[in-house]
Amino acid sequence: MSTEFILAQQTKRKLVTASICGIVYAILLGFIYPDPFGERMSSFQDYLFNAISYSTIYMIYSFPAIYLYGTFTSLLSDWLGKQLSVYTNTRFATIYSAIFHLLFGFILWIFSLGAAVLFFIIDRFLQSKKTDYTIKHVLIGLGMAVFVWIVLVAMIWIIDYVRM
């Protein structure tokens, strides 16, 4: 296989990974930090409402960063890992790549580090599937992100309407 084909396949897989990671990360962050301003929640319903509400906000800000920065730095991490493994042992390429993912993930400390770890895990899982990713997969990933965001916003409206 040509180098261009392999790079194109990797890039498509990384874009699919970024879509999945952006969705999962925003929702996880919403449930871990349901109120970043520290207000007290009096019930489970308040916790759930805040978690869903802030997931949409986290998704608006984190998804583009994960999609652009995460994809680029993941490609770079894999390339650097492969280059370093040539000088040591080719079996270490994944370990080197993981180290570079962590280094690039330290840009915003714990928040971006969590996204980098999640990105790496999802990417390795998708890589193990040995699927040839196409533009269709990339577009489905983006559509899935938009769909999840719309569903979260609809849930907020429904919960808010029921509360009235």
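Just so it is clear, none of the values below were taken in a lab; they were calculated from the coordinates. Keep in mind it's a predicted model, so treat the numbers as computed, not measured. Glycine also receives a Cβ, built like all others from the backbone with ideal geometry; neighbour counts cover every protein chain displayed.
With unit charges on the beta carbon (Lys/Arg positive, Asp/Glu negative), name the residue among 68, 47, 99 whose Cα is farthest towards the positive pole of the charge dipole of the chain.
So the residue we want is 99.
Return the sequence-ordered ³J(HN,Hα) values of segment 133-140 in whole Hz as given by the Karplus equation 6.51 cos²θ - 1.76 cosθ + 1.60 applied to θ = phi - 60°, using x for Gly and Pro.
Calculated HN-Hα couplings, in order: 7, 10, 4, 4, 4, 4, 5, 5 Hz.
What angle do you read, to the nearest 10 degrees and between 0 and 90, between the alpha-carbon axis of helix 110-128 and the longest principal axis of the chain?
Orientation of helix 110-128: about 60 degrees from the principal axis.
Taking the Cα centre of each part, how many Å lie between segment 118-164 and segment 17-78?
Between the Cα centres of segment 118-164 and segment 17-78 lies a distance of 12 Å.
What is the percent of Cα-Cα separations in segment 72-164 that go past 21 Å?
When all Cα pairs of segment 72-164 are counted, 52 percent exceed 21 Å.
How many percent of the alpha carbon pairs in segment 16-128 exceed a separation of 26 Å?
Value for segment 16-128: 28 percent of Cα pairs lie more than 26 Å apart.
Can you tell me the alpha carbon radius of gyration of segment 1-76 divided by the globular rule-of-thumb value 2.2 N^0.38 Å?
The reported ratio for this selection is 1.46.
Per-residue counts of other Cβ atoms within 10 Å, averaged by peptide: what ranking do you get for 36-46, 14-24, 139-149, highest first?
In decreasing order of mean packing, 36-46, 14-24, 139-149 become 14-24, 139-149, 36-46.
Return the calculated 222 nm mean residue ellipticity for the chain, to the nearest 500 deg cm²/dmol, obtained by summing -39500 (n - 2.57) across DSSP H runs with n ≥ 4 and dividing by the residue count.
Result for the chain, helices only: -27500 deg cm²/dmol.
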